[in-house]
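As structure tokens, the structure follows; a few thoughts come after it.
Read-outs throughout are calculated quantities, based only on the coordinates presented, and are distinct from any laboratory measurement. The model shown is predicted, which means the values in this text are computed figures rather than measured ones. Here the Cβ positions follow ideal geometry from the backbone for every residue, glycine too, while neighbour counts run over all protein chains shown.
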Amino acid sequence: MPWHDDLVMIGLTDDPHTGAIPDRARPDEGEQTFLLDTLNAVLEQPLTPDDVVGSYAGFRPLLKGDGGSSADLSRKHALIRDARTGALTIVGGKLTAYRRMAQDAVDAAVDAGGLSAGPCRTAHLSLVGAGTTGPGLPEQWIARYGTDATTVASYGATGGTLDRPVRDGIPLTGAEIRFAVDHELAVTVSDVVDRRTRWGLVDEDRDDLVAAVRRHAPELIDIDQEEG
């Protein structure tokens, strides 16, 4: 799938794992070879491991099934209520269904708590950033933030270096770092590097990104503190 700044992300799902869970998941050589071979089957110019600029892996727990397809299980979600504490937990599902999952979770919480609430309005609300943007904004900001690009640009308009890339070859700006902290609930350095901007997926850029985030958002919990 197309990613930002002329990069392309390729990947697979439903790859089962057995054994111990490592502290940090990483794609192994066999998985990388499989992906490249699959993609090269339809490319005129084949790709090699040297073309890979970054990689990541993770573990996703699925609902326990009855032996059916794990792909089917991965799309389902369920609400579990702890009879002792009353705590509600939602498990399973996919990011593409996050709004439906949130609606089901809130509806269940309202019902369990005997609360008064009107019908859910989520289905009628635009996604964050949806709409028409104003003229003169950088295309990469519009692609990443939609109408929120105007807010990102406002940081750069205050002067200083916030509107400049943090390093040659990394178009991420200080304005985007500040936006992640002030508007996207980033609390840690990793939140910005790995989860808000996703630039941390490019291994060779990671150290420079961490330094830039520390510089522009010194109030964040640092990586050393996270790991400690």
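Label sites at V52 and A78, each approximated as a point 7 angstrom past Cα along Cα to Cβ, lie 3.5 nm apart. Applied to region 172-178, the Karplus parametrisation 6.51 cos²θ - 1.76 cosθ + 1.60 on θ = phi - 60° returns per-residue 3J(HN,Hα) values of 4, 10, x, 4, 5, 5, 5 Hz, with x for Gly and Pro. Considering only the Cα atoms of the chain, their convex hull presents on average a projected area of 18.0 nm². When the helices of the chain are scored as -39500 (n - 2.57) per DSSP H run of n ≥ 4 and the total is divided over every residue, the value at 222 nm lands at -9500 deg cm²/dmol.
Here the convex hull built on the C-alpha positions of region 1-59 has a volume of 111 cubic angstrom per residue.
Judged by the ratio a/c of the largest to the smallest principal axis of the C-alpha gyration tensor, region 28-155 counts as oblate, that ratio being 1.5 or greater while a/b is no larger than b/c.
Between E139 and L115, the simple label model (points 7 Å from Cα in the Cβ direction) yields a spacing of 4.4 nm.
For V128 and R195, calculate 0.36 nm times their separation in residues minus their Cα-Cα distance, and state this gained length in nm to one decimal. Mind dumping the intermediate values first?
Numbers: separation 67, 0.36 × 67 = 24.12 nm, distance 1.63 nm.
Stretched fully, the V128-R195 segment lengthens by 22.5 nm.
Remark: relative contact order (the chain) = 12 percent; criterion is Cα-Cα distance under 8 angstrom and separation of 6 or more residues. Once backbone amide H atoms are built at 1.01 Å from N, I10 has no partners under 5 Å, excluding neighbours fewer than 5 places away on the same chain.
Approximating the spin labels as points 7 Å out from Cα along Cα→Cβ, the K64-to-D5 distance works out to 4.5 nm.
Counting GluC sites (Glu not before Pro) as exposed when in a DSSP loop with at most 15 other beta carbons within 10 Å, what is the longest stretch of the chain free of them? Provide the component values of the computation, followed by the final result.
Values: sites that count: E44, E219.
Maximal segment without exposed cleavage sites: 45-218.
Between A108 and T18, the contour length at 0.36 nm per residue exceeds the alpha carbon distance by 29.0 nm. Please list, in order, the residues from region 119-134 whose amide nitrogen is less than 18 Å from a point placed 7 Å along the Cα→Cβ vector of A97. Flagged as within label range: 122-123. Running Debye on region 165-228 with equal point scatterers at the Cα sites and no solvent, what base-10 log of I(q)/I(0) appears at q = 0.25 Å⁻¹? Relative scattering, expressed as log10 I(q)/I(0), comes to -1.07.
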